[in-house]
């Protein structure tokens, strides 16, 4: 366990934002959730605690012997939880996705397997969870130095999205922000600069997304870009650069150019700024609570809270 300087807390601590998310989600009935390949302590602990909080009704999917051994090793009683025994992690992912397609569960929760393995099953043609909109991932981050929750997308799923994919990424994030109670989310589309430069594709895409929002192709939020990260989140930086914007300096959502830049941003906030991140995949038939395998129980419980709020939300 590391302290604030390492950006992580112990499994018994809960950041204020996470507590607020759990409290909001408790207003709803627990959602049926397939917990995929929960074969280690943190994955099992997250599922058991989310169930104890009244957020999910979990079904464990994975190798029965490994799941029970992990539960015994950390003193968890899982005998009352349904368990669907499969041999391997990829079979666990495929089985959980099939359960969601049949309407047997309302959400999936990532356990101890690679994101690529779970999402390969989720996006598989004809047998996956794809819907009309492209699936994307959103981190909901509690940053001690920022006065509001910060949503970062997409830092985990879409590697190098084109403009149409970014439109779906933005809309998914807006829908999540509204589910969290942010009435009109302010969305900053990031680039290295705050002016359009044809040499920087991210700046051109950002300007196009802002115009798409003006024309109603993106609904439910205020979208502006290109904005650099400093003037997206700092009023002082926005004033210094004389940026006139309803978003600059107080963004609720930041849309990164690609997965690499987003992943670096989130991990820098977590490990250098004392932040805490929950994560969820949106845009498919069911929400997927998706965190890093290195995350502890608080992040996993908060991600389940996100799934509950999304499952009960009305899209913009």
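The figures follow:
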item	result
Crossing angle, helix 41-52 versus the chain [Cα axis fit, 0-90 degrees, rounded to tens]	90 degrees
Mean Cα-pair separation over length for segment 134-282, i.e. relative contact order, pairs under 8 Å, 6 or more apart, %	35 percent
Residue order, fewest to most surrounding Cβ atoms within 10 angstrom, among 286, 301, 123	123, 286, 301
Between 0 and 90°, nearest 10: helix 297-311 axis offset from the chain longest Cα axis	70 degrees
In range of the label at residue 16: residues from segment 131-157 whose backbone nitrogen is under 19 Å from the point 7 Å along Cα→Cβ	140-151
Gaussian network model of the chain, springs between alpha carbon atoms under 10 Å - residue of 32, 239, 49 with greatest fluctuation	239
17 Å reach of a label modelled at residue 272, 7 Å along Cα-to-Cβ, counting backbone N of segment 115-153	143-146
Segment 79-172 shape via C-alpha gyration tensor axes, a/c threshold 1.5	oblate
Spacing of the two label points (7 Å from each Cα toward its C-beta) at residue 159 and residue 57, in nm	4.0 nm
Helix-only [θ]222 nm of the chain, DSSP H runs n ≥ 4, -39500 (n - 2.57) each, per residue, nearest 500	-12000 deg cm²/dmol
Principal-axis tilt of helix 201-214 within the chain, Cα atoms, nearest 10 degrees	90 degrees
Debye intensity ratio I(q)/I(0), log10, the chain, q values 0.09, 0.10 Å⁻¹ (C-alpha model)	-0.43, -0.53
Kirkwood Rh in Å, taken over all unlike Cα pairs in segment 134-282	14.8 Å
FRET efficiency, residue 104 to residue 79 (Cβ-Cβ, R0 25 Å, nearest 0.05)	0.75
Percent RCO, i.e. relative contact order, over the chain, from Cα pairs under 8 Å lying at least 6 residues apart	25 percent
Sites residue 211 and residue 184 - FRET efficiency at Förster radius 22 Å, r taken between beta-carbons, to 0.05	0.75
For the chain, built as a Gaussian network whose Cα springs stay under 10 Å, the top-fluctuating residue of 37, 120, 137	120
Separation of alpha-carbon centers, segment 148-185 and segment 191-253, rounded to whole Å	14 Å
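Every number here is computed from the coordinates shown, using simple stated rules; none is lab data. Quick caveat: nothing in here was measured; it's all calculated off a predicted structure. For neighbour counting, all protein chains shown are included, and Cβ atoms are generated from backbone atoms with ideal geometry for every residue, glycine included.
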